[in-house]
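Working notes, structure below.
What follows draws every value from the coordinates through simple rules; no lab data is involved. Predicted model only: the values in this text are computed from it and were never measured. Using ideal geometry, Cβ is built from the backbone for each residue, glycine included, and neighbour counts are taken over all protein chains shown.
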Amino acid sequence: MLVAGTLLLGTCYVTVDPGVQTAFRRGGVFFFTWPLLGALGFTFILSLTARASGLRLAPLMVTVAALGLHVVGLGISDAGFALTQPVPAIQEAIAADPTSPIAIAHEMARRSGTVVGRSFLLRWLPILPAAVLTLVDARRRWIAGGIAFGATLFVSAGHMLAGAPSLRHALPAPGDVVLAALLIPPAALAGSAAARWLARRWPSPITPPA
């Protein structure tokens, strides 16, 4: 179950990560697109894994494992590029469509002084909220767990993304911050509620130990 949770979380990352490009392009309340989508998706996966496995530590274990999986993936891609040595055609692709996701990713990396696809920021960010979810115990306190995860993700992601050089032009106004603070914890609560609903309909639900 932990392996399945890790793979599912990795897939969710791929779906949620474009939210950072939305923040780059639109700013304002859209600055919080990544934590808003993450609050819904991450909480669902982590809470469901905790309930299905019966392990209180499951949320923390899964997020750390997903980080490790990301590191392994980078290593494999490096080895593949070193062996095949493909001819890069990035500049041609960017010139053909400067508004494409790959063009935006390169512009964000240029402003941050990093290499495209090498930032670990988005993989570190869910770990602290997952630790809080573990502390609250997602198996038993789904309401408190969802709200705590969402609030922690809002604060940590907001702080870290605001410090990113590539997003300095897109910083939200105070009203946008307040609106995001009102939206993100309920989104996480919805994810937690969905996990609880699905876990209760599991063919052989696992009851956490007393």
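General remarks:
- For the chain, the equivalent ellipsoid derived from the alpha-carbon gyration tensor has semi-axes of 32, 22, 13 Å in decreasing order.
- Among F30, F149, F42, the order by Cβ neighbours within 10 angstrom, fewest to most, reads F30, F42, F149.
- Relative to the longest principal axis of the Cα atoms of the chain, helix 127-136 runs at roughly 10 degrees.
- Charge tally for G54 (other residues, Cβ to Cβ under 12 Å; Lys, Arg +1; Asp, Glu -1): +3.
- Listed peptides 163-169, 103-109 by packing density, highest first (mean Cβ within 10 Å): 103-109, 163-169
- Taking label positions 7 Å along the Cα-Cβ direction at both V3 and L74, the computed distance is 2.5 nm, reported to one decimal.
- The chain: angle of helix 58-84 to the longest principal axis, Cα-based, in degrees nearest 10: 30
- Calculated mean residue ellipticity at 222 nm for the chain: -24000 deg cm²/dmol, from DSSP H runs with n ≥ 4 weighted as -39500 (n - 2.57), summed, divided by the residue count and rounded to 500.
- Each of V16, V155 has some number of other Cβ atoms within 10 Å of its Cβ, and from fewest to most they run V155, V16.
- D97, D176 arranged by Cβ crowding within 10 Å, fewest neighbours leading: D97, D176
- Point-charge dipole on Cβ atoms (K/R +1, D/E -1) for region 96-157, about Cα centre, debye to 20: 220
- Inter-label distance, nm, simple model (7 Å from Cα along the C-beta direction), D97/T11: 2.5
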